[in-house]
Amino acid sequence: MPYADSDGVRLFFEESGDGIPIIFVHEFADDYRSWAAQVRFFSRRYRCVTFNARGFPPSDVPDEQDRYSQIIAADDIAAVMRGAGIDQAHIVGISMGGFAVLHFGLRHPKMAKSLTIAACGYGAGYDQREQYAADCEVLAAEYDKVGAAAMAKMYADGAFRQQFKEKNPQGWAEFRDTLAKHSAKGSALTMRGVQKVRPSLYDLEDDLREMKAPTLIISGDEDDWCLEPGLYLKRTIPASGLWVVPKTGHTINLEEPAAFNAQLSEFFAMVEAGRWAEKTPYEGASALLSGLQKDD
């Protein structure tokens, strides 16, 4: 098994295909295997790398709480790239992985050919911060108490997973069964060290306005907690675009793999052709009159 070293923590990764690299970063409730449909599609012409975050075996599960944080999660992406001998790549992440990709873009801008940030936003709103942190602690405590197998039955059946369950019951059951095999300790430590205390997206506004990497933001239209943060990111990151997927919840790449792959393929092609530009700012007061020119 190939591993990358991140400050003494081993991170398991797999790769397939040749070409421009793509790094896929998984969510809290899944692992590197969640990107199988993307790897099958993109490995025909790209070098695809998937990896497991720390706390998710076969990657190491450090015992110390301070070995888990949002900054560390972003730096782990860079460690995997160095371990695979990659200088620059398209970076794709969803949910927890989407947050990590966003912070990677801020911390390692030269290593990002592009950023894809999907299903990113839980707990970002200031009015949600206290409740979200409390909910994270409840989840972590339950992982400590009952273990991963019992938790999977509940967590996989959450409100924004129902769309996946209805569209693809077999795929959803596989997702639930994978979640049941996670490390309870690693899940609890990740929930407390990364999810619970990560900064609000709205606290990053000044830095996001300076982020130059081409960025694709993706949200399911029924993933309520990610819709407003997605609009905020679109309005804040200069070279960004927003794709809202209809009748879709949180697990976008699993719910709609063909559409997800097609959208990413078009995005990558635009970036590689130098055609994914920053939005031209418009400061006028009227949308209707924006095309009219004043007489000299």
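The values are calculated or read from the model by the stated rules, or taken from the named source; none is laboratory data. Here the structure is a predicted model, which is why all the values come from computation and not from measurement. When we count neighbours, we look across all protein chains shown, and the Cβ atoms used for this are built from the backbone with ideal geometry, even at glycine.
Being surrounded by 22 or more Cβ atoms within 10 Å (Cβ to Cβ) and either touching a residue at least 60 places away in the same chain (Cβ under 8 Å) or over 20 Å from the mean Cα position of the chain (by Cα) (or both) holds for only one residue in F56, F41, and it is F56. Of all the listed residues (L242, L208), the sole one being in contact with a helix residue (DSSP H, G or I) (Cβ under 8 Å, 6 or more places away or on another chain) and either touching a residue at least 60 places away in the same chain (Cβ under 8 Å) or part of a loop (DSSP other than H, G, I, E, B) (or both) is L208. Taken together, the residues in segment 75-96 that are among the hydrophobic types (A, V, I, L, M, F, W, C), out of contact with any Asp or Glu (no Cβ under 7 Å at 6 or more places or on another chain) and buried (at least 21 other Cβ atoms within 10 Å of the Cβ) amount to 6. The set of residues from segment 178-200 being of a type in the set (D, E, K, R), farther than 23 Å from A124 by Cβ and part of a loop (DSSP other than H, G, I, E, B) comprises just one member, K181.
Mind checking whether some residue in segment 7-21 is under 18 Å from the mean Cα position of the chain (by Cα), at pLDDT 95 or above and not in a strand (DSSP E or B)? No, that holds for no residue.
For segment 25-51, residues that are in contact with a Gly (Cβ under 8 Å, 6 or more places away or on another chain), assigned to a loop (DSSP other than H, G, I, E, B) and closer than 18 Å to A119 by Cα total 2. Taking the listed residues F99, F175, the one that is in contact with an Asp or Glu (Cβ under 8 Å, 6 or more places away or on another chain) and part of a helix (DSSP H, G or I) is F175, with no other qualifying.
Here the condition is being over 30 Å from G123 (Cβ atoms) and surrounded by fewer than 17 Cβ atoms within 10 Å (Cβ to Cβ); of R235, R275, it holds for R275 alone. Taking interchain pairs and intrachain pairs at least six residues apart, which have beta carbon atoms under 6 angstrom, with the first residue in segment 129-151 and more than 17 Å from Q65 (Cα to Cα) and the second aliphatic (A, V, I, L, M) and assigned to a helix (DSSP H, G or I)? If the second residue must be aliphatic (A, V, I, L, M) and assigned to a helix (DSSP H, G or I), the pairs left are G147/A184; A148/A180; A148/A184; A149/A180.
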